[in-house]
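Everything below concerns the one structure shown next.
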Amino acid sequence: MGNCWPSAARVDNKSFSTNRTSTPGTSKNISSGGEFSGSSVGGDSLLSGTSGIRDFSFPNGQILPTPNLRIYSFSELKSATKNFKNDTVLGEGGFGKVYKGVIDDKNNGGGQVVAVKKLNPESMQGVEEWQSEVDFLGRLSHPNLVKLLGYCLEDQELLLVYEYMQKGSLENHIFRKGSFQPLTWGARLRIILGAARGLAFLHSAEKEIIYRDFKASNILLDGNYIPKLSDFGLARHGPEGSASHVTTRVIGTYGYAAPEYVSTGHLYVKSDVYGFGVVLLEMMTGLRALDPNRPTGQHNLVDWLKPSLTDRRKLKRIMDPRLEGQYSVKGAIQAAELTLKCLGTEPRMRPPMKEVVESLEQIEALKGRTTKESTTSMHTRHVHHHTHHRSPLHPKYGSTSTNTVAQTLK
Ligand SMILES: Nc1ncnc2c1ncn2[C@@H]1O[C@H](COP(=O)(O)OP(=O)(O)OP(=O)(O)O)[C@@H](O)[C@H]1O
Ligand SMILES: [Mg+2]
């Protein structure tokens, strides 16, 4: 089984923008005159209603009428992160760096550990994404959505303060080697199921919310490996009335974005389901959505491996060898069937997220071959050895990979 894996080095998936005139290097540039509705902090123009949820299967989720956020001063965040010291960096994305910080909170008997995202002044995606994050995430509450605690808006400084997610991103755990033990099949299923619940919650809102950036790096894990979706900078409302889609500039991440969206800019709620299918395929195979260092014909994971999902023998070969002995054949087949549905070429062929959640619950209920399972596996026999190269298509992410920095803090 091990020898069917390409030995080529992997690279990160990249963000893209079709707006070629935008500042090079920004991952998700927003061009002028964009789609943003221009709501103000604390306003409720992005989310309607007070409860906002039309589906009662989300007892733990709610949409607040107004963002419930604390306003932090810049000096407070500066001291929380030791003046944004390099060794507090948890990672870096298109918006800027993310720092680990400790907020002095004498009333609560000590410091509160937080993650502080600081806008890089050169980032073109900044202000609008920042605003969208505040407006959406500031009002959304669900166990599988990361908690935005507050923000800072002072002079040219834009910062966001989140709950600290101790285990970092799912991307780190699946693709990074080194100190990370591979996640077991059971843990992968639990994580992807939680992420599916988060997405289903967004889609269940009275005014549906399209997340638009579903990918492994945006699924963060808390100390108990509970997954939470982060990054609502690209989120937007779904179509109104009888419309099936909204038309937007194409913005998102290569390898995860749905084909109809990339080719036409038509964004459906089901475009999120495609991105979900890509992450599901990544979980099953342990391979990145996009990797230009794989041999020709294998760069795009979906194009390369989708045909294998219908063939039992091939399926066994494409499963991550680090999972060997952990999953039942039935579980793998059902996961492959679900992945195929999510990756349907046309949006209407893809299942709604609620159905995806139900299917994953069924797969999770099938006990794997191993009876006792921990979150990480000690199976390292088959680990592929890859070097990690950032893609030239995403120059913002320099060779000093942000997530490599993150490892040193954990
Ligand atoms: N709340 C948090 N707690 C702990 N680590 C975090 C938190 N938020 C972000 N990080 C770390 O910072 C990294 C960078 O996050 P960020 O969202 O800025 O970029 P990204 O998701 O990699 O790329 P993109 O800009 O395309 O979304 C994450 O992958 C994660 O490792
Ligand atoms: Mg992110």
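The values are calculated or read from the model by the stated rules, or taken from the named source; none is laboratory data. Nothing here was measured: the structure is a model prediction, and the numbers come from that model. Cβ: placed from backbone, ideal geometry, glycine included. Neighbour counts: every protein chain shown.
Scanning region 231-254 for residues that are out of contact with any Asp or Glu (no Cβ under 7 Å at 6 or more places or on another chain), part of a loop (DSSP other than H, G, I, E, B) and among the β-branched types (Val, Ile, Thr) turns up just one, VAL250.
Among the residues that make up region 169-183, is at least one of them free of Cβ contacts under 8 Å to residues at least 60 places away in the same chain, within 16 Å of ligand 1 (Cβ to nearest atom) and surrounded by fewer than 21 Cβ atoms within 10 Å (Cβ to Cβ)? No, every residue in region 169-183 fails to be free of Cβ contacts under 8 Å to residues at least 60 places away in the same chain, within 16 Å of ligand 1 (Cβ to nearest atom) and surrounded by fewer than 21 Cβ atoms within 10 Å (Cβ to Cβ).
Among the candidates VAL273, VAL279, VAL269, VAL262, which residue alone is buried (at least 24 other Cβ atoms within 10 Å of the Cβ), closer than 23 Å to LYS341 by Cβ, away from ligand 2 (no atom under 16 Å from the Cβ) and of a type in the set (Val, Ile, Thr)?
Checking each option against the conditions leaves just VAL273.
Of all residues in region 343-354, those satisfying the criterion of being touching a helix residue (DSSP H, G or I) at 6+ places or on another chain (Cβ under 6 Å) and either under 12 Å from PRO259 (Cα atoms) or surrounded by fewer than 21 Cβ atoms within 10 Å (Cβ to Cβ) (or both) are LEU343, PRO347, PRO351, LYS354. Would it be correct to say that GLU163 is under 19 Å from the mean Cα position of the chain (by Cα), acidic (Asp, Glu) and surrounded by fewer than 22 Cβ atoms within 10 Å (Cβ to Cβ)? So GLU163 fits the description; yes. For region 355-372, filtered to residues that are in contact with a Ser or Thr (Cβ under 9 Å, 6 or more places away or on another chain) and exposed (fewer than 14 other Cβ atoms within 10 Å of the Cβ), the residue that is modelled with the highest pLDDT is LYS367.
Note on region 286-304: residues that are surrounded by 21 or more Cβ atoms within 10 Å (Cβ to Cβ) and assigned to a helix (DSSP H, G or I) total 1.
Considering only residues that are part of a loop (DSSP other than H, G, I, E, B) and within 16 Å of ligand 2 (Cβ to nearest atom), which ones fall in region 190-221? Across region 190-221, the qualifying residues are TYR211, ARG212, ASP213, PHE214, LYS215.
Counting only residues that are out of contact with any helix residue (DSSP H, G or I) (no Cβ under 7 Å at 6 or more places or on another chain) and in a helix (DSSP H, G or I), which one in region 157-189 is farthest from HIS142 (Cα to Cα)? Result: PHE175.
Check region 103-120 and report whether any residue there is part of a loop (DSSP other than H, G, I, E, B) and in contact with a strand residue (DSSP E or B) (Cβ under 9 Å, 6 or more places away or on another chain). Yes, there is a match, as at least one residue in region 103-120 is part of a loop (DSSP other than H, G, I, E, B) and in contact with a strand residue (DSSP E or B) (Cβ under 9 Å, 6 or more places away or on another chain). Candidates in region 218-268 are the residues that are among the β-branched types (Val, Ile, Thr) and under 24 Å from TRP130 (Cβ atoms); of these, the one that is modelled with the highest pLDDT is ILE219.
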